[in-house]
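Please treat every number below as a calculation from the coordinates, not as lab data. The shown structure was predicted, so the numbers you read here are calculated from the model rather than taken from an experiment. Counting neighbours? That spans all protein chains shown, and the Cβs are built from the backbone with ideal geometry, glycine included.
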Amino acid sequence: MSTHAARVPRAGISLQVRLRATARSEWVKFRSVRSAPATLLAAALFVLVGAILMATGYRNGWATMSQSERTSFDPVYTSLSGIELAQLLVGALGVMTVTGEYASGLIRGTFIATPQRAQVLAIKALIFTVAAWVVCTALSFGAFFIGQSVLTSPAKHVAIGDPGVLTAVFGGGLYLTLVGLLSLFIGVLLRRTAAALIALFVLLLILPVAAAMLPSKFSSNLAEFLPSNAGGQIWKLPQSGAYALSPWQGFGVLAAYVAVTALAAFVLIRRRDV
Amino acid sequence: MTQATDAGLPRTPTPVLRARAAMGAEWIKLRSLRSIPVTLAVTVVLCIAFADNVCSNNVANYPTLGAAGKAAFDPLFVNLNFVQVGVIFFGVLGALMVTNEYGNGLIRATFTATPQRVLVLAAKTGLLGLVAFLASSVTILVAFLTGQAVLSSGHLPSVSLGAPGVAGHLFGAICYLTAAGLIGVFIGVLARSTAIAFTSVFGLFLVLPILVDKLPHNAAWKHAGPYLPSNAGDSLWGMRVQDFLGTTGAALTLAAYLVVLGAAAVVSLRSRDV
């Protein structure tokens with residue numbers, strides 16, 4: 001006992017050791033909760049099957065489309081449009097990464113083991129980001145190639161080297177990752193699964209639909225800066241329009257939402273009890 | 001003790017007594033779990049406020065419409081458009097009624113007290129159907145009366161309750177919202193977790209129709225697209241989209257979803273553990 005105590009430095013554990021321990025425990029939690037792999041698998045299914053169904057629908061319906069519909073047709077968005085559904089799942093995963101721990105009470109054990117709460121949150125977010133980005137980027141590329149192989153002539157299709165295409169396909173993975181991060185921080189703010197999910201889905205899905213129902217110019221300009229509309233620019237081919245954000249500008253707007261939510265999460269997680 | 005039990009109470013409760021007890025228990029849970037009355041109140045208030053907001057936004061925008069836009073202006077459509085979004089909240093409400101119990105473990109006590117699981121589901125469905133019907137009636141009627149008042153005070157075309165087709169469409173909207181609540185209950189039973197249930201409700205009622213409606217409306221689409229629960233429900237309140245089902249077809253489609261999902265919920269409830 002006393003010999004053991006002598007080997008541990010009195011001043012505490014070095015930062016490097018502590019970070020490694022936190023990273024290891026966060027990774028164990030992330031991969032061992034069954035919902036994480038199941039959710040990513042379901043997201044994969046939506047993205048890949050969505051690419052097949054949407055591309056098939058357009059290829060078969062191409063003859064009935066009007067000239068203006070054909071001009072505005074975006075083959076990249078079509079093959080990636082499973083992302084619209086997958087963002088629900090990645091968002092739910094982000095929320096549950098945090099709220100699951102609050103629901104089971106594990107968060108108390110976590111913060112007793114590592115009282116540096118900001119460090120726990122930072123490592124948690126980092127592990128989530130890496131895992132989500134790797135999976136979602138792979139899915140985005142997979143969906144693109146599947147979609148383009150289905151969209152044969154006369155339907156419009158593109159190659160990965162065409163202008164803007166690589167950005168859009170790469171952006172699909174980035175978009176889903178940021179949506180997941182936003183959800184994770186909303187989970188920290190609200191701490192309860194149901195409340196956090198409703199807040200997230202209202203922000204991502206209901207507000208754009210609601211804004212589209214308001215006919216005024218003001219609301220349509222505002223709608224462009226909603227997180228999903230702005231962030232969605234990066235995984236579509238650039239559209240012309242008076243107020244259209246460019247892909248990276250839109251992505252920046254979404255990143256700003258994530259940054260503000262993250263700031264609030266880091267402040268609150270240190271102040272509130274668990 | 002033994003004597004009193006033998007003399008005073010029947011050995012096996014009659015089905016009527018059992019059903020009454022199950023209804024009583026569900027009613028206590030419904031009104032005392034904070035999240036359900038809160039969701040209900042927020043749903044009604046938000047829906048009415050949003051409907052009025054859409055109407056006043058249309059009043060502001062009306063002078064900018066061209067002659068064709070003015071001729072096509074449909075005061076009932078503008079007023080009831082919020083149903084597309086409001087339906088989500090009814091679905092969420094129904095899901096919460098079930099997943100709340102799985103989340104906090106109360107479901108074990110419920111099934112210990114009433115091992116007739118189908119009876120519990122029937123009581124939940126009946127009660128939620130009643131509450132959703134009352135809430136949606138209040139929502140639709142108040143939204144209609146205030147929305148038309150906003151339109152007529154802005155000197156826009158408006159309709160009265162007695163105008164042909166209006167009462168039927170209002171009733172259709174009420175039925176759609178109630179059906180969404182019931183579908184939410186069944187999804188809750190199938191999913192058992194709040195996160196999966198909410199994700200399914202948002203995916204089914206909000207994201208899927210947006211994706212499917214984008215596809216070219218060729219012959220294949222006409223055999224599938226109109227039968228989505230949201231598209232069938234939207235035809236009930238008179239959203240005039242080309243290729244949508246007529247009132248009878250839409251009502252039968254929604255009823256079929258209720259029967260199929262209800263049957264799936266019964267099977268899953270009886271065969272899985274809690």
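Determine, for A:Val134, A:Val158, the number of other Cβ atoms within 10 Å of each Cβ, and report the residues in order from fewest to most. All intermediate terms of the calculation are to be shown ahead of the outcome.
Working: A:Val134 13, A:Val158 20.
The most exposed by this proxy come first: A:Val134, A:Val158.
Taking each pair of different alpha-carbon atoms in region A:106-179 once, compute 1/r for the pair, average those values, and report the inverse of that mean as the Kirkwood hydrodynamic radius in Å to one decimal. The partial results should precede the final answer.
On the way: mean 1/r = 0.0676 Å⁻¹.
Hydrodynamic radius (Kirkwood, Cα only) of region A:106-179 equals 14.8 Å.
How large is the convex hull of the Cα atoms of region A:47-147 per residue, expressed in Å³ as a whole number? Display every interim value, and only then the final one.
Values: hull volume 10.9 nm³, N = 101.
Here the figure is 108 Å³ per residue.
How big is D for chain B, in µm² s⁻¹ as a whole number, if Stokes-Einstein is applied with the Kirkwood radius of its Cα pairs at 10 °C and 1.306 mPa s?
Working: Rh = 20.3 Å.
The Stokes-Einstein estimate is 78 µm²/s.
Just the projected area, averaged over all directions, of the convex hull on the alpha carbon atoms of the protein assembly as shown: how many nm²? Display every interim value, and only then the final one.
Details: hull surface 134.5 nm².
It is 33.6 nm².
log₁₀ I(q)/I(0) of chain A at q = 0.08, 0.10, 0.12 Å⁻¹, via Debye over equal Cα point scatterers, no solvent, to two decimals?
The Cα Debye sum returns log10 ratios of -0.39, -0.58, -0.78.
Once whole DSSP H runs in chain A are found, which of them have Cα atoms spread over 15 Å or more along the helix axis and a mean Kyte-Doolittle score of at least -0.5?
Span-like helices in chain A: A:35-61, A:83-104, A:117-150, A:165-190, A:247-271.
Among all the aspartates and glutamates, which ones have a C-alpha under 20 Å from B:Lys214's C-alpha, if same-chain residues fewer than 8 places away are not counted?
Output for B:Lys214: A:Glu69, A:Asp74, A:Glu84, A:Glu224, B:Asp234, B:Asp243.
Would you compute, from DSSP H runs of 4+ residues alone, the mean residue ellipticity of the protein assembly as shown at 222 nm, taking -39500 (n - 2.57) per run and dividing by the full residue count, rounded to the nearest 500? Provide the component values of the computation, followed by the final result.
Numbers: 28 runs with 417 residues, N = 548.
Result for the protein assembly as shown, helices only: -25000 deg cm²/dmol.
How far, in nm, would the chain grow between B:Thr248 and B:Ile210 when pulled straight, counting 0.36 nm per residue and subtracting the alpha carbon separation? Show your work: numbers first, answer last.
Values: separation 38, 0.36 × 38 = 13.68 nm, distance 2.34 nm.
Using 0.36 nm per residue and subtracting the Cα-Cα distance, I get 11.3 nm.
With the cut-off at 30 Å, tell me which of the pairs B:Lys124/B:Lys222; A:Lys156/B:Lys222; A:Lys236/B:Lys222 have Cα atoms farther apart than that. Provide the component values of the computation, followed by the final result.
On the way: B:Lys124/B:Lys222 35 Å; A:Lys156/B:Lys222 23 Å; A:Lys236/B:Lys222 27 Å.
Flagged as over cut-off: B:Lys124/B:Lys222.
Let me know the mean shielding of B:49-56 by other chains, meaning the per-residue number of their Cβ atoms within 10 Å of its Cβ.
Numbers: counts 0, 4, 1, 0, 4, 5, 0, 2.
So the per-residue partner count for this stretch is 2.
Return the tail of the calculated pair distribution for region B:172-243, meaning the percent of Cα-Cα pairs more than 19 Å apart.
Numbers: 1019 of 2556 pairs.
Percent of Cα pairs beyond 19 Å in region B:172-243: 40.
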